[in-house]
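Structure record follows, encoded as structure tokens.
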Amino acid sequence: MSRYLRLLGVQLRASLAQAAQYRVDFLLGALLSVFWSGAAVTPLLVVYTRRPTLGGWTRPEALLVVAFFTLLKGVIQGAIEPSVTNTVEHLRKGTLDFLLLKPADAEFLVSTTRLQPWRATDLAGGMVLLAWALHDLARPVTLAAMGAALCLVGAATAILHSLWILVVALAFVTVKVDNLAFLLGSIYDAARWPATVWRGALAWVFTLVIPLAVMTTYPALALLGRLDLAHGLGALALAAAFVTVARLVWTRSIRNYTSAGG
């Protein structure tokens with residue numbers, strides 16, 4: 001574990017050094033991240049000017065969902081998505097061999113090969129929204145609730161990473177998966193709303209197939225003390241299932257990969 005933490009530190013320092021070479025791009029990227037963090041909460045504020053609740057959620061409660069949405073958006077666009085895009089590009093050019101030959105786990109390397117440090121502003125924006133929501137709620141949050149929410153954020157990150165690993169695995173077969181990656185990113189935008197907004201088939205899809213509810217609504221419910229133990233454990237089990245499936249698919253894809261010279 002310590003070895004991979006050191007490798008992650010090396011990858012992060014390399015990304016920071018690369019970003020520092022293009023300071024204007026770095027600043028523009030950070031400013032755009034701040035803008036989109038603000039844009040994420042705008043639809044919510046508009047809706048709550050016309051009604052006191054939405055799907056049983058008050059404005060401060062729904063703001064918690066947006067806060068977790070923004071935090072995870074930073075993880076997606078700062079770490080997961082750039083690395084996946086870079087890996088697909090390696091596949092197209094036939095240069096993935098250079099990653100696979102390194103003495104470290106290939107999935108870890110492709111997941112950290114390209115980071116975008118300016119996306120840390122999304123994480124900061126999510127923390128600001130979280131503080132805003134908790135201030136408006138004006139109720140104490142227990143350590144147990146904070147711990148449960150943190151565990152569920154970890155589970156959400158694992159699910160998101162697994163989904164993008166499955167996209168990369170598909171690239172071993174079809175190579176061009178840009179549209180699918182864009183589709184996943186677009187679908188994730190729906191996670192800014194509480195899960196009770198969805199009805200019928202969408203509620204089932206966004207809970208089990210692409211579990212947006214687990215990603216943003218469940219951490220908010222945990223922080224509010226309204227998530228029962230069964231749903232919490234179910235979310236963790238679902239994350240473990242996604243990680244396991246993604247690992248199996250990734251391993252099979254690597255095993256069948258013939259390399260650039262194959």
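The values are calculated or read from the model by the stated rules, or taken from the named source; none is laboratory data. Given the structure is predicted, the values throughout are model-derived calculations rather than measurements. With ideal geometry, Cβ positions are generated from the backbone for all residues, glycine too; neighbour counts draw on all protein chains shown.
Would you confirm whether any residue within segment 22-32 is modelled with pLDDT of 75 or more and of a type outside the set (Phe, Trp, Tyr)? Among the residues of segment 22-32, not one is modelled with pLDDT of 75 or more and of a type outside the set (Phe, Trp, Tyr), which makes the answer no. Listed conditions (1) in a helix (DSSP H, G or I); (2) more than 20 Å from the chain's Cα centre (by Cα) are all met by residue 140, apart from (1).
Could you please find all residues in segment 226-260 being of a type outside the set (A, V, I, L, M, F, W, C) and modelled with pLDDT of 90 or more? I'd like the intermediate steps shown before the answer.
From segment 226-260, those of a type outside the set (A, V, I, L, M, F, W, C) are 226, 228, 231-232, 234, 244, 247, 251-253, 255-259; that's our starting set.
Residues satisfying the conditions are 226, 228, 231, 232, 234, 244, 247.
Pairs under 8 Å by beta carbon, first residue in contact (Cβ under 8 Å) with a residue 24 or more places away in the chain in segment 52-64, partner assigned to a strand (DSSP E or B) and not hydroxyl-bearing (Ser, Thr, Tyr), six or more apart or different chains? Close Cβ pairs satisfying both conditions: 62/54.
Tell me whether segment 225-245 contains one or more residues that are at positive phi and either of a type outside the set (Gly, Ala, Ser) or surrounded by 12 or more Cβ atoms within 10 Å (Cβ to Cβ) (or both).
Among the residues of segment 225-245, at least one is at positive phi and either of a type outside the set (Gly, Ala, Ser) or surrounded by 12 or more Cβ atoms within 10 Å (Cβ to Cβ) (or both), which makes the answer yes.
Any idea which residue in segment 192-225 is nearest to residue 67 (Cα to Cα), counting only those that are in a helix (DSSP H, G or I), at pLDDT below 90 and not hydrophobic (A, V, I, L, M, F, W, C)? Among those residues, the one meeting the criterion is 192. The requirement of being modelled with pLDDT of 80 or more, in contact with a Gly (Cβ under 7 Å, 6 or more places away or on another chain) and either buried (at least 23 other Cβ atoms within 10 Å of the Cβ) or β-branched (Val, Ile, Thr) (or both) is fulfilled somewhere in segment 56-67, by at least one residue.
Mind listing whichever residues of segment 54-78 are outside any helix (DSSP H, G or I) and either within 14 Å of residue 137 (Cβ to Cβ) or of a type in the set (Phe, Trp, Tyr) (or both)? Of everything in segment 54-78, those that are outside any helix (DSSP H, G or I) and either within 14 Å of residue 137 (Cβ to Cβ) or of a type in the set (Phe, Trp, Tyr) (or both) turn out to be 57, 58.
Put simply, of 168, 128, 141 the only residue that is β-branched (Val, Ile, Thr), over 16 Å from residue 69 (Cβ atoms) and surrounded by fewer than 17 Cβ atoms within 10 Å (Cβ to Cβ) is 141.
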